[in-house]
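Chemist: What follows is a structure written as structure tokens; I'll ask about it next.
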Ligand SMILES: *Cc1c(COP(=O)(O)O)cnc(C)c1O
């Protein structure tokens, strides 16, 4: 069986560090706040290359809190890519803003800036730049638009821990950035977790206060916030994993390179590409084929697990029924039935990739 995700094999590879990290937190009863959370926030800020990191409860809260801290005027429109996980748009609606979907590029599956510019109105205040599958958005193009139309950039880095744009890590480039440490992400906790990164000290303080009941000191609440905190156990586990992230992402890149070598030129299969100036985090290795459903069953029948990200484009979800037309984001709306995520991750070997690739070649030549 070639697994899509294997959290247990990762645990076994660093078991003694993880066990010690968990024991340490329990012995010190540092469950909420405290030294492990503070140390992880420092480590992660340093890794990303920003001045501030604020741990929060999960990646969805991270987007909501970042948006709240930006104090956008009511009635603001926020541009969100039509192909993403619902958290990217959900957070915008929950903060009382209007979601405007822009299409994604057929090459990188990240925001198509021509469509972004088309969707900008006088009410547009921000863009959620999702580095989907681990491929960085065209951040310099986006910065150009942001400057021209006075927009804020929120990077959604939930799938892109370790990715780089122009030599800089994603999460250090927009006005503010958000991360998820959901267990299956490139850097995953053993439960929910998230973070906000920024170079803006005031923004970081506001985020920290929102996430902790509007306070800095114990009962000194300056406004009504909420409870969304990264806990000590998760922080300690993440700290034990962080030193391995670089190698894990490098392994993902090597495996992706092998897939490309094995599958290049195969008719009927569109492979992912890496834009110039970008270091892909390959959270997902997504191919496109009209034979998606039959290929995924074939692979499954031969012991290969696959995934689909995402089976329904955001504007086409029931959650948004009657609010958007598929024609407004045609690429996302029409290709969701063709996307297939192949297994990738540090649990795989080159021979696993060879086996998956051979199966795909066999399937396509028989099709
Ligand atoms: C996983 C994910 C999120 C949400 O993270 P949670 O920690 O599960 O709340 C947000 N955006 C994208 C693109 C994601 O993949």
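No lab work stands behind these numbers, since they all come straight from the coordinates. In this text, all values refer to a predicted model and were calculated from it rather than measured experimentally. Using ideal geometry, Cβ is built from the backbone for each residue, glycine included, and neighbour counts are taken over all protein chains shown.
Chemist: Per the Debye formula with a single identical scatterer at each Cα and no solvent contribution, what log10 I(q)/I(0) holds for segment 106-177 at q = 0.19, 0.28 Å⁻¹?
Modeler: Results for segment 106-177 at q = 0.19, 0.28 Å⁻¹ read -0.70, -1.39.
Chemist: Return the FRET efficiency for the residue pair residue 147, residue 276: r is the Cβ-Cβ distance, R0 is 30 Å, and the value is rounded to the nearest 0.05. Can you show the working numbers first?
Modeler: Values: r = 22 Å, r/R0 = 0.72.
Efficiency, rounded to the nearest 0.05: 0.85.
Chemist: Considering only the chain, what is the antiparallel percent among its DSSP beta bridges, to the nearest 5? Before the final figure, lay out each step's value.
Modeler: Numbers: 23 of 40 bridges.
Around 60 percent antiparallel, to the nearest 5.
Chemist: Let me ask something else. Please state, as a whole number in µm²/s, the translational diffusion coefficient that the Stokes-Einstein equation yields for segment 208-367 at 25 °C and 0.890 mPa s, with Rh defined as the Kirkwood radius across alpha carbon pairs.
Modeler: Details: Rh = 19.1 Å.
Translational diffusion coefficient: 129 µm²/s.
Chemist: Within a 10 angstrom radius of the beta carbon, how do 11, 47 rank from fewest other beta carbons to most?
Modeler: Numbers: 11 14, 47 20.
Ordered by Cβ neighbours within 10 Å, fewest first: 11, 47.
Chemist: Same structure again: Give, in whole angstrom and from largest to smallest, the semi-axes √(5λ) of the equivalent ellipsoid of segment 65-207, with λ running over the eigenvalues of the Cα gyration tensor. It would help to have the intermediate numbers written out before the result.
Modeler: Working: eigenvalues 88, 64, 43 Å².
After diagonalising the Cα gyration tensor, the semi-axes are 21, 18, 15 Å.
Chemist: Using Stokes-Einstein with the Kirkwood hydrodynamic radius over Cα pairs, what translational diffusion coefficient do you get for the chain at 10 °C and a viscosity of 1.306 mPa s, in µm²/s rounded to a whole number? Show your work: numbers first, answer last.
Modeler: Values: Rh = 21.1 Å.
After rounding, the answer is 75 µm²/s.
Chemist: Treat the count of other C-beta atoms within 10 Å as a stand-in for reagent exposure and order 1, 364 from fewest to most.
Modeler: On the way: 1 7, 364 17.
If I rank by nearby Cβ atoms, fewest first, I get 1, 364.
Chemist: Moving on to the next point. When you count, for each residue, the other Cβ atoms within 10 Å and take the mean per peptide, how do 285-296, 339-350, 311-322 rank with the highest first?
Modeler: Working: 285-296: 18.4, 339-350: 20.6, 311-322: 16.0.
Result, highest mean first: 339-350, 285-296, 311-322.
Chemist: Could you tell me the distance between the Cα centroids of segment 243-262 and segment 291-367, to the nearest Å?
Modeler: Answer, in whole Å: 20.
Chemist: If one puts a single equal scatterer on every Cα of segment 46-94 and applies the Debye formula without solvent, what log₁₀ I(q)/I(0) results at q = 0.15 Å⁻¹?
Modeler: Relative scattering, expressed as log10 I(q)/I(0), comes to -0.49.
Chemist: I've got another one for you. Using only alpha carbon pairs under 8 Å that are at least six residues apart, calculate the relative contact order of the chain and give it in whole percent.
Modeler: Working: 773 pairs, mean separation 81.4, N = 367.
For the chain, the relative contact order is 22 percent.
Chemist: When ranked by the protection proxy of mean other Cβ atoms within 10 Å per residue, highest first, what sequence do the peptides 232-245, 215-228 form?
Modeler: On the way: 232-245: 21.7, 215-228: 11.7.
Listed from highest to lowest mean packing, they are 232-245, 215-228.
Chemist: Taking the Cβ-Cβ separation of residue 205 and residue 29 as r and a Förster radius of 30 Å, what is the calculated FRET efficiency to the nearest 0.05? Write out the running numbers ahead of the final one.
Modeler: Details: r = 27 Å, r/R0 = 0.89.
So the FRET efficiency works out to roughly 0.65.
Chemist: Considering segment 310-365, what Rg and Dmax in Å follow from its alpha-carbon atoms?
Modeler: Cα radius of gyration and Dmax of segment 310-365 are 16.6, 47 Å respectively.
Chemist: Write down the percent of antiparallel bridges among all DSSP beta bridges whose residues are both part of segment 1-128, to the nearest 5. Walk me through the numbers on the way to the answer.
Modeler: Details: 1 of 9 bridges.
For segment 1-128, the DSSP antiparallel bridge percentage is about 10.
Chemist: Here's another thing I want to ask about it. Which of 276, 127, 170 moves most in a GNM of the chain, Cα contacts under 10 Å?
Modeler: Highest fluctuation among the options: 276.
Chemist: Nearest 5 percent is fine: what portion of the DSSP beta bridges confined to segment 144-278 is antiparallel? Display every interim value, and only then the final one.
Modeler: Numbers: 9 of 12 bridges.
Once the DSSP bridges in segment 144-278 are tallied, antiparallel ones form about 75 percent.
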